[in-house]
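The values are calculated or read from the model by the stated rules, or taken from the named source; none is laboratory data. As the structure is a prediction and not an experimental result, all values here were calculated from the model. Ideal geometry is used to build each Cβ from the backbone, glycine not excepted, and the neighbour counts take in all protein chains shown.
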Amino acid sequence: GSAFILGLDTFFAEVPLLLFTLVGGVVADRHDRRHLLMASQTLQMACALALAAMVFFDVTRVSYILALSFTAGLAQAFGGPAFQSLIPALVPRQHLPNAVALNSIQFNLAQALGPLIGVVVLAALGMAGCFGINGLSFLAVIAVLGLMRLPPPPLGKRQRMLTELRGGLSYVRHGGALLALTLLAFATTSLALPLRTFLPVFAVNDAHLSWMMASVGAGSVLGALVVAWLGKFDHMGRTLLVVQVLFGGIIAAFALLPNSGLSYVLLFLSGTALLMIFSLTNSLVQLAVPDELRGRVISIYLVAFRGGMPLGSLVSGYFISQYSAPPVIAINALLLSLVAAAFLIWNQQVREL
């Protein structure tokens, strides 16, 4: 059925991110990150244009779409660490949290506005035109990257790829705060983000769902603006943990009161808290990593970040099918609050960041 094919397509798009992002981190530490990101964007553009051509000539096959999804995911697996590793080269160190937060804003705006623009283009030019314009949009990013003039990153002694990967894992494992931040990122995405997957379960109708998603999106923009306004400040780690504790409580309250007058307010606050958590965690990881290891360490963080949501959604989906969504989402959220509270009480390294 179409639902199975849709799930299979998502699987093919996500698997390369989990399998190859760590390799992408090693490559990002070995080569020019700007060139690597340009190659990633070019490959994703080719996938979008190939899909547009298949739709236009009516030669679309499920196997072709799955192959393109896998290829695009592979490009993202190498482009993600390169992109994240480029950010510190673009701004002074003290402005890094501002840059991370502003990047979060553009990402959320793209998620919110992209489907709306897509509907207009789809009505005007059809599906092939929609995919074609998406493909051509990559040219803007590639052009900007081509105009950048950045100093080459410091390169350490070249070793075998597996040895370099072990070096990155060892640095995170013995890095104290880095390991804690990675675990917190995994806890957040596995325990809190399933709410996004199962938000339709809480909606009365399509309009209700749209307003709920809009509330989360508006809150996300505010959260990113708050972090951008604060910049680099004292006690960022303590602030992160406090916000995580509150975030869990907010989600639990929404799960138990989804149709109350407070539901939109709670979703707005959850979006604000979530973007603050993501921006603060990303900033603290970036600030704690030496540049010659940045790609590898960031790739480990990205795997934890990206891997949490599908795993959490899978486990949550099973329990929701056995019971119901409100108690499962609420328990997940309270577990996140407990995890963050434990780090707040017992992990001095994160508290002092």
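Can you name the number of the only condition in (1) of a type in the set (Gly, Ala, Ser); (2) modelled with pLDDT under 90; (3) more than 30 Å from Ser85 (Cβ to Cβ); (4) in a helix (DSSP H, G or I) that Gly261 fails?
(4)
Check whether at least one residue in segment 274-288 is among the aliphatic types (A, V, I, L, M), within 21 Å of Ala214 (Cα to Cα), surrounded by fewer than 19 Cβ atoms within 10 Å (Cβ to Cβ) and in contact (Cβ under 8 Å) with a residue 12 or more places away in the chain, and report yes or no. If you could, list the steps in order and put the result at the bottom.
Looking only at segment 274-288, we keep the residues that are among the aliphatic types (A, V, I, L, M), and these are 274-277, 280, 284-285, 287-288.
Imposing the further condition that a residue be within 21 Å of Ala214 (Cα to Cα) reduces the set to 274-277.
Now drop any that are not surrounded by fewer than 19 Cβ atoms within 10 Å (Cβ to Cβ), which leaves none.
No, that holds for no residue.
Residues are listed down the side, and each one gets a yes or a no for (1) aliphatic (A, V, I, L, M); (2) modelled with pLDDT of 90 or more; (3) more than 30 Å from Ala28 (Cα to Cα):
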| position | (1), (2), (3) |
| --- | --- |
| Arg238 | no, yes, yes |
| Val243 | yes, yes, yes |
| Ala255 | yes, yes, yes |
| Val265 | yes, yes, yes |
| Ser270 | no, yes, yes |
| Leu274 | yes, yes, no |
| Thr281 | no, yes, no |
| Val289 | yes, no, no |
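Between Ala82, Ala50, Ala89, Ala75, which is surrounded by fewer than 20 Cβ atoms within 10 Å (Cβ to Cβ), modelled with pLDDT of 90 or more and in a helix (DSSP H, G or I)? Steps first, please.
Numbers: Ala82 fails: surrounded by fewer than 20 Cβ atoms within 10 Å (Cβ to Cβ); Ala89 fails: modelled with pLDDT of 90 or more; Ala75 fails: surrounded by fewer than 20 Cβ atoms within 10 Å (Cβ to Cβ).
Answer to the check: Ala50.
Among the residues of segment 53-72, what is the count of those that are in a helix (DSSP H, G or I) and either more than 23 Å from the chain's Cα centre (by Cα) or not hydroxyl-bearing (Ser, Thr, Tyr) (or both)? Even if it seems obvious, please write down each step before you answer.
To start, the set of residues in segment 53-72 that are in a helix (DSSP H, G or I) comprises 53-56, 62-72.
Going one step further and asking which of them are either more than 23 Å from the chain's Cα centre (by Cα) or not hydroxyl-bearing (Ser, Thr, Tyr) (or both), we end up with 53-56, 62-68, 70, 72.
Count: 13.
Mind checking which residues of segment 195-241 are assigned to a loop (DSSP other than H, G, I, E, B) and not aromatic (Phe, Trp, Tyr)? First the steps, then the outcome.
Taking segment 195-241 first, the residues assigned to a loop (DSSP other than H, G, I, E, B) are 203-205, 231-235.
Selection gives Ala203, Val204, Asn205, Gly231, Lys232, Asp234, His235.
What number of residues in segment 306-325 are crowded, with 22+ Cβ neighbours inside 10 Å and in contact with a Phe, Trp or Tyr (Cβ under 8 Å, 6 or more places away or on another chain)?
Within segment 306-325, the subset crowded, with 22+ Cβ neighbours inside 10 Å is 312, 316.
Now restrict to residues that are in contact with a Phe, Trp or Tyr (Cβ under 8 Å, 6 or more places away or on another chain): 316.
Residues meeting the conditions: 1.
So His208 fits all but one of (1) surrounded by fewer than 18 Cβ atoms within 10 Å (Cβ to Cβ); (2) within 23 Å of the chain's Cα centre (by Cα); what number is the exception?
It fails just one condition, (2).
Name the residue, out of Ala203, Ala218, that is closer than 16 Å to Ala325 by Cβ and modelled with pLDDT under 90. Step through it out loud before you land on a result.
Details: Ala218 fails: closer than 16 Å to Ala325 by Cβ.
When all the criteria are applied, what remains is Ala203.
What are the pairs, 6+ residues apart or on separate chains, where a residue within segment 1-15 that is among the hydroxyl-bearing types (Ser, Thr, Tyr) and modelled with pLDDT of 75 or more has its Cβ under 7 Å from a residue that is exposed (fewer than 14 other Cβ atoms within 10 Å of the Cβ) and in a helix (DSSP H, G or I)?
none
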